[in-house]
Each structure stands twice: as structure tokens, then as C-alpha cells.
1. Given the conditions (1) of a type in the set (K, R); (2) in contact with a strand residue (DSSP E or B) (Cβ under 8 Å, 6 or more places away or on another chain); (3) not in a loop (DSSP other than H, G, I, E, B), and given that R67 satisfies all but one, which numbered condition is not satisfied?
2. Among the residues of region 33-51, which ones are in a helix (DSSP H, G or I) and exposed (fewer than 11 other Cβ atoms within 10 Å of the Cβ)?
3. Among (1) closer than 30 Å to A141 by Cβ; (2) of a type in the set (A, V, I, L, M, F, W, C); (3) outside any helix (DSSP H, G or I), there is one condition L58 misses while meeting the rest; what is its number?
4. Report, by residue number, each residue of region 52-99 that is buried (at least 16 other Cβ atoms within 10 Å of the Cβ), small (G, A, S) and farther than 30 Å from I34 by Cα.
5. State which residue pairs qualify: first residue under 23 Å from Y19 (Cα atoms) and inside region 116-140, second residue surrounded by 15 or more Cβ atoms within 10 Å (Cβ to Cβ) and of a type in the set (F, W, Y) in any location, beta carbons under 6 Å apart, and separation of 6 or more residues or different chains.
6. Consider region 85-115. How many of its residues are in contact with a strand residue (DSSP E or B) (Cβ under 6 Å, 6 or more places away or on another chain) and either free of Cβ contacts under 8 Å to residues at least 40 places away in the same chain or over 17 Å from R135 (Cβ atoms) (or both)?
7. Which condition does Q116 not pass, out of (1) surrounded by 12 or more Cβ atoms within 10 Å (Cβ to Cβ); (2) touching a Lys or Arg at 6+ places or on another chain (Cβ under 7 Å); (3) not aromatic (F, W, Y), if it passes all the others?
8. Mind listing whichever residues of region 57-84 are hydroxyl-bearing (S, T, Y) and either without any contact (Cβ under 8 Å) to a residue 12 or more places away in the chain or not assigned by TED's automatic domain parsing to the domain that holds D124 (or both)?
Amino acid sequence: MPEKGFSLPLHRSRYLLSYSILLHGLAGFAVISIAMPMPATLLLLILLVIGLLRNSYLLGFVGNNGRCVTMLLHRGKNSWQLQFADGTRSDLLELKSVWSTRLAVIISFYHPAKRQLRLLVVNDAVDSSRFRQLRVQLRLAFFRQ
């Protein structure tokens, strides 16, 4: 039986991966152009590569990260849930704030454990009509509060 509410399947964003590679590349160019001893330059370049690999892992492009968000679920009123790659779901989350543009949506949730969770949804990670529906659902959620 289908679940009630709005569900949005999330895929990996190539925009975020490209942005991450570009920024790490620019940082690498800056490190190379600074006059430093060779061991310090190599150390900083290795740290940049490690940072890029970690970022790619967190985005779900490298390795098998079970904590990547694969689906956003709206359960009605002010109840939201996140589904992760390993099949688990978060506790019910309360919508705290939203920043929305045509390119991306940043959603801040309030977790029952008194911490804040943020989710970045880039428009290339979802279908364009579903992205528009997400933006409408978020506006409606704030009007209902």
C-alpha cells in the first residue's frame, strides 16, 4: 500500500561533485603557486586530495556510504523524515527553516535530540517537476505553521 504524504527520491548531484572538484583544484593551484618548501607543498596537496575523496564519499560518489540521504518524506503537517541509503529512516523531524532558489533548496530540520539537521537538494538531483513540487510543499508547510 502506498504511503501517505509527499516523497521525493534524491539522486547524486553532478553539480555538487563538479563544484567540489573545482574548488579543490583551485585550492591546489593556490598551494602550488605559494612559495613554500616542497615537503609542505606535498603535504597540503595530499590533504586536499584526502578532503576531495572524503567529500566525494559523503556525496555518495566514492565507496558505499549508507548514511547518504536517498529520499525525503513529508508525513503531513510538520512531520518530515529522511530515508538513507542503508534503508533506515530518521526519526520524525520538524521543519525549522528553508532557503529556496531555482537551483537549490536548503532545508533545516529540528531533530528531537535537540540538534539541527540540514539537507541540500540541488535541482539536478531530482526530476524538475518533483523539485517544483518540493518547493511548493515547503511553502505550504510554512503557511500551515
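1. (3)
2. Once the filter is applied, which keeps residues that are in a helix (DSSP H, G or I) and exposed (fewer than 11 other Cβ atoms within 10 Å of the Cβ), region 33-51 yields S33, M38, P39, I46, I50.
3. Unmet for L58, out of (1) closer than 30 Å to A141 by Cβ; (2) of a type in the set (A, V, I, L, M, F, W, C); (3) outside any helix (DSSP H, G or I): (3).
4. G60, S90
5. That search, which allows pairs on different chains as well, returns L117/F109; N123/F131.
6. The number of residues fulfilling the criteria is 17.
7. Status for Q116: all satisfied but (1).
8. Within region 57-84, just Y57 meets the criteria.
The values are calculated or read from the model by the stated rules, or taken from the named source; none is laboratory data. Quantities reported herein were computed from a predicted structural model and do not represent experimental measurements. In this analysis, Cβ positions are derived from the backbone assuming ideal geometry, glycine residues included, and neighbour counts consider all displayed protein chains.
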